[in-house]
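**Q** Structure below; questions to follow.
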Amino acid sequence: MTRPWKLAETNYAYVKAHPFEVAVLPLGATEPHNLHLPYGTDCFEADTVGEQICAEAHERGAKVVLLPTIPYGTETNQMAFPLAMNVNPSTLHAVIRDLVDSLVGHGIRKIVLLNSHGGNDLKPVLRELYGKTPAQLFLCNWYAALADVQREIFLHPDDHAGEMETSFGLAYFPHLVARNPDGSLAADEGATRPTRFEAINRGWVSITRPWHLLTTNSGAGNPHAATAEKGRQLVKHVVDRLATFLVELSAAALDERFPF
Ligand SMILES: [Zn+2]
């Protein structure tokens, strides 16, 4: 068995002999990504980041298990695009609560939600379960954990299906990135429209953005400067930051002052 830390690939014999301390639950989405990236982009990203950080943490002695990625996320504002598959926030929260209960029943108290989709608002799950479960919950929106690195690597900021996600795709699922016959990306420019309100455009007031009014083909962010090398650099930084956290978390005692 090459990846005993991946639950879907491991077996009962291994699990019986190797109790886990930390569970990582990745969350993706099923939605269009401009014209060129696959509907499963957020899931492939969640799989890749989860696998890379768990492999590295396992190598360094962490007792960590990677759960299967939840393939659906919240898409209420994307539903004007065909085959965006919505799970309401309250439904998603209920699924996470049930999975947390399962893990607690199996003796796992350290649970990391590894989120890959901006539409998944998961902090309320942590707030609601605080004090009600013996589990310690952690939330990582991995793309947000790398905002500083993204500014260094990429020319254009990426909101959705832009340079960052396209670079990720070129590095880890290049066969699913659509190209024109001349080799250029089969994507539009990912331009977005402002609303009529300055307060919203400047971020003083927020809304859930109706994606069909915000974008042309669902892309928000220019993808054309993407390269596979940029995608690999990004993931190297993710692993540096998050694998170390998993190693520390696995070794940490759950005493009364945890995590301080
Ligand atoms: Zn995405």
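The values are calculated or read from the model by the stated rules, or taken from the named source; none is laboratory data. All values derive from a computational prediction rather than experimental measurement. Cβ atoms come from the backbone with ideal geometry, glycine included; neighbour counts cover every protein chain shown. Heads up: the accessible areas ignore ligands, DNA and RNA and are worked out on the full protein's heavy atoms, side chains in. Shrake-Rupley method; radii C 1.70, N 1.55, O 1.52, S 1.80 Å.
**Q** Assign one of three labels to region 119-169, namely rounded, prolate or oblate, based on the Cα gyration tensor with a ≥ b ≥ c the square roots of its eigenvalues; rounded applies when a/c is under 1.5, prolate when it is not and a/b is larger than b/c, and oblate otherwise.
**A** Prolate, because a/c is 1.5 or more and a/b exceeds b/c.
**Q** Then there is this: Can you tell me the Rg and Dmax of region 56-131, counting just the alpha carbons, in angstroms?
**A** According to the Cα coordinates of region 56-131, Rg and Dmax are 14.6, 46 Å.
**Q** Return the distance in nm (one decimal) between the two label points of a simple spin-label model at residue 232 and residue 176, each offset 7 Å from Cα along Cα→Cβ.
**A** It works out to 2.0 nm between the two label points.
**Q** Once fully extended, how much extra length lies between residue 60 and residue 145, figured as 0.36 nm per residue of separation less the alpha-carbon to alpha-carbon distance?
**A** My answer for the length gained is 28.4 nm.
**Q** Then there is this: Equivalent ellipsoid semi-axes for region 1-105, as square roots of 5 times the alpha carbon gyration tensor eigenvalues: give them largest first, rounded to whole Å. Walk me through the intermediate numbers first.
**A** Values: eigenvalues 174, 58, 18 Å².
They are 29, 17, 9 Å, listed from largest to smallest.
**Q** Quick one: what do you get for region 165-231 if you divide its Cα Rg by 2.2 N^0.38 Å?
**A** Numbers: Rg = 14.8 Å, N = 67, 2.2 N^0.38 = 10.9 Å.
Rg over 2.2 N^0.38 Å, computed on Cα atoms: 1.36.
**Q** Protein chains only, probe 1.4 Å: how do 130, 143, 12 rank by accessible area, largest first?
**A** On the way: 130 185, 143 55, 12 155 Å².
So, going from the largest accessible area down, we get 130, 12, 143.
**Q** Another question, then. Based on alpha-carbon positions alone, could you give the equivalent ellipsoid semi-axes of region 156-202 from the gyration tensor, as √(5λ), descending, whole Å? Mind dumping the intermediate values first?
**A** Values: eigenvalues 160, 32, 8 Å².
Its equivalent ellipsoid spans semi-axes of 28, 13, 6 Å.
**Q** A follow-up question, please. Given points 7 Å out from each Cα along the Cα-Cβ axis, report the residue 184 to residue 109 separation in nanometres with one decimal.
**A** For the pair residue 184/residue 109, the computed spacing is 5.8 nm.
**Q** Follow-up question, since we're still on this one. Sequence-distant or interchain residues sharing an amide H contact under 5 Å with residue 136, placed H: which?
**A** Correct list: 110, 111.
**Q** A further question follows. Cα convex hull of region 102-190: how many Å³ per residue?
**A** Values: hull volume 12.1 nm³, N = 89.
Hull volume normalised by residue count: 137 Å³.
**Q** Lysines within cross-link reach of residue 110: Cα-Cα under 25 Å, excluding same-chain residues under 8 positions apart?
**A** List returned: 6, 16, 63, 123, 132, 236.
**Q** Go ahead and set up a Gaussian network model of the chain, Cα springs under 10 Å, then flag whichever of 206, 250, 167 fluctuates most.
**A** 206
**Q** Taking every pair of alpha-carbon atoms in region 135-255, give the share separated by more than 24 Å as a whole percent.
**A** Details: 3066 of 7260 pairs.
Cα-Cα pairs in region 135-255 separated by more than 24 Å: 42 percent.
**Q** Leaving ligands and nucleic acids out of the surface, order 159, 121 by accessible area at 1.4 Å, largest first. If you can, show how the numbers build up before the last one.
**A** Working: 159 80, 121 110 Å².
Largest to smallest exposure gives the sequence 121, 159.
**Q** In deg cm²/dmol, rounded to 500, what helix-only [θ] at 222 nm does the chain give when every DSSP H run of at least 4 residues adds -39500 (n - 2.57) and the total is split over its residues? Walk me through the intermediate numbers first.
**A** Values: 9 runs with 98 residues, N = 260.
Counting only the DSSP helices, I get -11500 deg cm²/dmol.
**Q** Compute the distribution of all C-alpha to C-alpha distances in the chain, in bins of 5 Å from 0, and list the percent of pairs in each, rounded to whole numbers.
**A** It works out to 1, 6, 12, 16, 18, 16, 13, 9, 5, 3, 1, 0, 0, in whole percents.
**Q** Using Cα centres only, tell me the gap between region 164-218 and region 69-85 in whole Å.
**A** That distance is 15 Å.
**Q** Using the crude model of +1 on Lys and Arg Cβ and -1 on Asp and Glu Cβ, and no other charge, please compute the dipole size for the chain relative to its Cα centre, in debye to 20.
**A** Numbers: 22 positive and 29 negative charges, 104 e Å.
It works out to roughly 500 debye.
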